[in-house]
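Just so it is clear, none of the values below were taken in a lab; they were calculated from the coordinates. Everything quoted here is computed from the prediction, not taken from an experiment. Neighbour counts run over all protein chains shown; Cβ positions are idealised from the backbone, glycine included.
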Amino acid sequence: MPDYPEIPRHIAVIMDGNGRWAKQRGLPRREGHRAGAESVREVTEACVELGVDYLTLYAFSSENWNRPSDEVEALMSLLDRFLSEKQKELREQNIRLIAIGQIERLPEKTRKLLQTIIVETADHSAMTLVLALSYGAREEIVAATRSIASKVAEGSLKAEAIDCATFANHLQTRDIPDPDLLIRSSGEMRVSNFLLWQISYAEIVIVKKFWPEFRKGDLLEAVEEYQHRHRRFGAL
Ligand code: FPP
């Protein structure tokens with residue numbers, strides 16, 4: 001493996017293009033998602049090898065509930081399968097699993113499995129895999145605002161004391177550092193309601209390939225591109 005000068009501490013990924021990959025091959029969309037789950041496995045392993053601390057995957061957005069019910073069911077059953085298969089590996093590889101999003105909207109079976117693995121892996125330290133499930137950044141921001149507003153209303157927080165840190169501490173990602181690198185597959189230049197607050201200073205790398213074609217080499221290339229960027233955080 002090449003010796004990289006600076007590995008991003010947190011990589012976030014918008015896994016896009018499963019449907020188009022399937023359509024190109026005359027396959028149903030769920031086959032695209034199935035193939036996409038393979039890329040998830042490969043990218044997760046590659047991030048552990050690289051020494052990335054946090055990998056966040058946009059696996060299901062709050063808008064994805066509006067897709068046809070058979071596609072939603074296929075995505076949930078893929079997620080169940082991924083979680084059951086990964087359970088042993090997460091244990092062996094010392095990976096912690098956490099989830100962000102409106103987890104309460106997930107089917108009970110998925111939620112229970114997810115919860116079991118989250119508890120089981122809570123003190124793992126090799127890498128944290130963050131699954132964004134039923135996730136929407138605007139919804140997350142609204143929930144944080146609501147929680148801050150109720151503290152102000154009850155008197156436990158002063159409006160003048162609210163700053164960026166206060167706000168960040170009310171997001172679901174409060175214990176996670178902001179992403180350094182955001183990767184989106186399939187060539188689309190959008191952030192699609194993903195981590196809107198947290199990606200303020202992330203370097204964005206758009207990869208043309210559809211997600212099911214995304215391999216370890218594509219991740220390494222994205223990391224290399226990140227390493228050639230000059231991150232200024234608004235300064236000179
Ligand atoms: C976007 O492709 C992808 C998704 C909506 C879901 C991502 C899910 C997976 C990669 C598989 C399951 C996840 C895990 C964690 C095992 P799209 O359907 O929007 O593609 P399109 O834009 O080409 O239609």
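Extension gain ASN169-GLU38, at 0.36 nm per residue separation less the Cα-Cα distance, in nm?
Values: separation 131, 0.36 × 131 = 47.16 nm, distance 3.37 nm.
Extending this stretch completely gives an extra 43.8 nm.
Keeping to pairs on different chains or 8 or more places apart, tell me how many lysine pairs in the chain have Cα atoms under 27 Å apart.
11
Could the peptides 13-20, 114-121 be put in order, highest first, of the mean number of other beta-carbon atoms found within 10 Å of their residues?
Per-residue Cβ counts within 10 Å, averaged per peptide and sorted highest first, yield 13-20, 114-121.
Using a Debye calculation, one point per C-alpha and no hydration shell, please list log10 I(q)/I(0) for segment 167-235 at q = 0.25 Å⁻¹ in order.
Values, matching the q order: -1.18.
Between GLU104 and ARG231, how high is the FRET efficiency from 1/(1 + (r/R0)^6) when r is the Cβ-Cβ distance and R₀ = 25 Å? Nearest 0.05. Write down the numbers at each step before the final one.
Values: r = 36 Å, r/R0 = 1.45.
Working from the Cβ atoms, E equals 0.10.
Would you work out if segment 59-171 is rounded, prolate or oblate? Take a ≥ b ≥ c from the square roots of the eigenvalues of the alpha-carbon gyration tensor; rounded if a/c is under 1.5, else prolate when a/b is larger than b/c, oblate otherwise.
On the way: a/c = 2.93, a/b = 1.53, b/c = 1.91.
Here segment 59-171 falls in the oblate category.
Just tell me, in residue order, which DSSP H segments of the chain are both 24 angstrom or longer along the helix axis (alpha-carbon based) and at least 0.0 in mean Kyte-Doolittle hydropathy. The partial results should precede the final answer.
Values: long enough: 29-50 (31 Å, -0.76); 69-92 (35 Å, -0.73); 137-154 (26 Å, 0.04).
The qualifying helices are 137-154.
How compact is the chain by the rule of thumb for globular proteins, expressed as Cα Rg over 2.2 N^0.38 Å? Write out the running numbers ahead of the final one.
Values: Rg = 18.2 Å, N = 236, 2.2 N^0.38 = 17.5 Å.
Taking the Cα Rg and dividing by 2.2 N^0.38 Å, one obtains 1.03.
Report the full-extension gain for the segment LYS209 to THR116: residue separation times 0.36 nm, less the Cα-Cα distance, to one decimal in nm.
Full-extension gain reported as 30.1 nm.
Which whole-number percentage describes the relative contact order of the chain, with Cα contacts under 8 Å and a sequence gap of 6 or more? Write down the numbers at each step before the final one.
Values: 359 pairs, mean separation 67.6, N = 236.
Relative contact order of the chain: 29 percent.
Among 139-152, 28-41, what's the highest-first ranking by average C-beta atoms within 10 angstrom per residue? Spell out each step's value before the answer.
Numbers: 139-152: 15.1, 28-41: 19.3.
The peptides rank, most packed first, as 28-41, 139-152.
Place the peptides 210-216, 106-112, 48-54 in order of packing, highest mean first, counting for every residue the other Cβ atoms within 10 Å and averaging per peptide. Mind dumping the intermediate values first?
On the way: 210-216: 21.3, 106-112: 13.7, 48-54: 17.7.
Averaged packing, sorted descending, gives the order 210-216, 48-54, 106-112.
When the chain is fully extended, how far beyond the present Cα-Cα distance does ILE162 get from ILE7, taking 0.36 nm per residue of separation?
Values: separation 155, 0.36 × 155 = 55.80 nm, distance 3.27 nm.
Between ILE162 and ILE7, full extension yields an extra 52.5 nm.
With each label point set 7 Å from Cα along the Cα-Cβ vector, what nm distance links SER84 and TRP197?
Label-label distance for SER84 and TRP197, simple model: 3.6 nm.
Give me the compactness ratio for segment 42-109, meaning the Cα radius of gyration over 2.2 N^0.38 Å. Before the final figure, lay out the partial values.
Details: Rg = 13.5 Å, N = 68, 2.2 N^0.38 = 10.9 Å.
For segment 42-109, the normalised Cα radius of gyration is 1.24.
So what's the gap between the Cα centers of segment 211-236 and segment 151-203, to the nearest angstrom?
Distance between centres, Cα-based: 21 Å.
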